[in-house]
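Reviewing the structure listed below.
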Amino acid sequence: MHQTLAILTFDTEGAGFYEITEDITRWLRETQVQVGILTLFCQHTSAGLMITENASPAVPRDLVRWLSAAAPDGDGYEHSAEGPDDMPAHIKTMVTGNSLTVPVADGRIMLGTWQGVFLVEHRARAHKRTIVAHVCGD
Amino acid sequence: MHQTLAILTFDTEGAGFYEITEDITRWLRETQVQVGILTLFCQHTSAGLMITENASPAVPRDLVRWLSAAAPDGDGYEHSAEGPDDMPAHIKTMVTGNSLTVPVADGRIMLGTWQGVFLVEHRARAHKRTIVAHVCGD
Amino acid sequence: MHQTLAILTFDTEGAGFYEITEDITRWLRETQVQVGILTLFCQHTSAGLMITENASPAVPRDLVRWLSAAAPDGDGYEHSAEGPDDMPAHIKTMVTGNSLTVPVADGRIMLGTWQGVFLVEHRARAHKRTIVAHVCGD
């Protein structure tokens, strides 16, 4: 068994789901690992990583709406240094999580038919986001 | 260190928590790994995996009620192709997550006294669900 | 590649976020793993593990408030054997999760600038909590 680690960066254009399945698939192919475990880790406290349906763009839109209703922007938070979308972004990151662990077989991420990998931007404005990708296997 | 990967399938009978601790324990024993890391990955966007208390059946029932109140069935979603429980199931999967990573020692999953591993069905109707099990260790 | 596993215990003083970044960093240094994957697993159903901002103590306080509003203490639960904060603690553990997987490089956890590792106590009273730490790498 051997391992490979890389730092990948992505530009977001504000709150929403950004599918990165193809970026990860391409990186994984370069590592030449056929069977193993892929870990993705987002180095931020206001952006997350998630696997959800990638067939209908209405699914991520409904998820964004639900998250915004669950943790609305506003001045009702003690922590508000960076504006009304600051603390809600930390809450939403708690809900979505900031890492993913997925088995690999035949050199590919073992996603189900309807699954895609998404970087989830929880801040209102555009950001550059860093994801650590690690694979361990044969 | 070596690794083993398998695809396990489970039948659900509609929304609820289905304990799979014994199925996973049995599979793990067959791999003969004594110390390592177990990963379970659910290949669906409307069912999840969770570790919670398995002593009192009231705990999963309360969790189901809480999830249903947090993301109620209905027509208030943009994505409603498969009915009123479709989008809520995606939201609930976001909350419960769809993978688990647990250390292994003495050939057993290192669960705490009160912990059990559950497949969580978020759709109203019965489904066949696929879980990828992977263990890496010695 | 090789692996090391340890059981770490922490005392909490009731509901809140307890930063354990330095404890984990110290343990990781002793393992002498330079590059790999760190897994932390909390063996409880009423306490979790999370990565969030550690610069402003107001962030964890706001997270505790949000969790308490989302799953309020009370008698509205079927499972209430251990008191009004029992079932809410299980719900909050579902939201925060109970494991973390983080890449390691240069012998250090690859946390982002603002990230810290927290043990999250969801019960009102003080508890002793057990976390399994596992690292696999070179």
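The values are calculated or read from the model by the stated rules, or taken from the named source; none is laboratory data. Computed from a predicted structure; not experimentally measured. Neighbour counts are summed over all protein chains in view; Cβ atoms, including those assigned to glycine, are modelled from backbone coordinates with ideal geometry. These accessible areas exclude ligands, DNA and RNA; they are computed on the full protein's heavy atoms, side chains included. Shrake-Rupley method; radii C 1.70, N 1.55, O 1.52, S 1.80 Å.
Does C:L28 meet the test of being within 14 Å of chain B (Cβ to nearest Cβ), more than 22 Å from B:I109 (Cβ to Cβ) and not in a loop (DSSP other than H, G, I, E, B)?
no
Which of (1) at the interface with another protein chain (Cβ under 7 Å from one of its Cβ atoms); (2) open to solvent by less than 10 Å² (accessible area, probe 1.4 Å); (3) under 23 Å from A:T39 (Cβ atoms) is the odd one out, the single condition C:V59 does not satisfy?
Against the list (1) at the interface with another protein chain (Cβ under 7 Å from one of its Cβ atoms); (2) open to solvent by less than 10 Å² (accessible area, probe 1.4 Å); (3) under 23 Å from A:T39 (Cβ atoms), C:V59 comes up short only on (3).
Select from the range C:98-118 the residues that are farther than 15 Å from A:V135 by Cβ, assigned to a loop (DSSP other than H, G, I, E, B) and within 10 Å of chain A (Cβ to nearest Cβ) and list them in ascending order.
C:L111, C:G112, C:T113, C:W114 - these are the residues of the range C:98-118 that are farther than 15 Å from A:V135 by Cβ, assigned to a loop (DSSP other than H, G, I, E, B) and within 10 Å of chain A (Cβ to nearest Cβ).
When the residues of the range A:45-68 are narrowed to those that are part of a loop (DSSP other than H, G, I, E, B) and touching a strand residue (DSSP E or B) at 6+ places or on another chain (Cβ under 6 Å), which ends up farthest from B:A47 (Cα to Cα)? Break it down into steps so the answer makes sense when it comes.
Applying the first criterion (part of a loop (DSSP other than H, G, I, E, B)) to the range A:45-68 yields A:45-46, A:54-57.
After this cut, where a residue has to be touching a strand residue (DSSP E or B) at 6+ places or on another chain (Cβ under 6 Å) as well, the list is A:45, A:54.
Working: A:T45: 26, A:N54: 15 Å.
This residue is A:T45.
When you go through A:T52, A:T45, A:T31 one by one, which is the residue that is of a type in the set (S, T, N, Q), surrounded by 19 or more Cβ atoms within 10 Å (Cβ to Cβ) and within 21 Å of C:T52 (Cα to Cα)?
A:T45
Mind counting the residues in the range B:12-46 that are over 16 Å from B:A133 (Cα atoms) and either touching a Lys or Arg at 6+ places or on another chain (Cβ under 7 Å) or aromatic (F, W, Y) (or both)?
Residues of the range B:12-46 over 16 Å from B:A133 (Cα atoms): B:12-18, B:45-46.
Within this subset, residues satisfying the condition of being either touching a Lys or Arg at 6+ places or on another chain (Cβ under 7 Å) or aromatic (F, W, Y) (or both) are B:12, B:14-15, B:17-18, B:46.
Residues flagged as over 16 Å from B:A133 (Cα atoms) and either touching a Lys or Arg at 6+ places or on another chain (Cβ under 7 Å) or aromatic (F, W, Y) (or both) within the range B:12-46 amount to 6.
Filter the range B:123-138 for residues that are touching a helix residue (DSSP H, G or I) at 6+ places or on another chain (Cβ under 9 Å), open to solvent by 10 Å² or more (accessible area, probe 1.4 Å) and either at the interface with another protein chain (Cβ under 10 Å from one of its Cβ atoms) or not basic (K, R) (or both) and give the result.
The answer is B:A124, and nothing else.
Please go through the range B:21-51 and give me each residue that is β-branched (V, I, T) and closer than 16 Å to B:H122 by Cα, ordered by number. Before you say what the answer is, go through the steps one by one.
The first filter runs over the range B:21-51 and keeps only residues β-branched (V, I, T), leaving B:21, B:24-25, B:31, B:33, B:35, B:37, B:39, B:45, B:51.
Result: B:T45, B:I51.
Name the pairs: first residue in the range A:13-39 and aromatic (F, W, Y), second residue assigned to a helix (DSSP H, G or I), Cβ to Cβ under 8 Å, at least 6 apart or on different chains?
So the pair list comes out as A:F17/A:P60; A:F17/A:L63; A:F17/A:V64.
When the residues of the range C:86-116 are narrowed to those that are charged (D, E, K, R) and closer than 20 Å to B:T96 by Cα, which ends up surrounded by the fewest Cβ atoms within 10 Å (Cβ to Cβ)?
C:D86
Can you name every residue in the range A:31-44 that is of a type in the set (A, V, I, L, M) and assigned to a strand (DSSP E or B)? Don't jump to the end; show me each part of the working.
In the first step, residues of the range A:31-44 are kept if they are of a type in the set (A, V, I, L, M); the result is A:33, A:35, A:37-38, A:40.
Hits for the range A:31-44 are A:I37, A:L38, A:L40.
Kindly establish whether A:V64 is open to solvent by 30 Å² or more (accessible area, probe 1.4 Å), touching a residue at least 12 places away in the same chain (Cβ under 8 Å) and at the interface with another protein chain (Cβ under 10 Å from one of its Cβ atoms).
On the way: open to solvent by 30 Å² or more (accessible area, probe 1.4 Å): yes; touching a residue at least 12 places away in the same chain (Cβ under 8 Å): yes; at the interface with another protein chain (Cβ under 10 Å from one of its Cβ atoms): no.
Considered against the rule, which asks whether it is open to solvent by 30 Å² or more (accessible area, probe 1.4 Å), touching a residue at least 12 places away in the same chain (Cβ under 8 Å) and at the interface with another protein chain (Cβ under 10 Å from one of its Cβ atoms), A:V64 comes out as no.
Checking B:L40 against (1) open to solvent by less than 30 Å² (accessible area, probe 1.4 Å); (2) under 21 Å from A:G112 (Cα atoms); (3) more than 14 Å from every other protein chain (Cβ to nearest Cβ): exactly one of these is not met. Which one?
Status for B:L40: all satisfied but (3).
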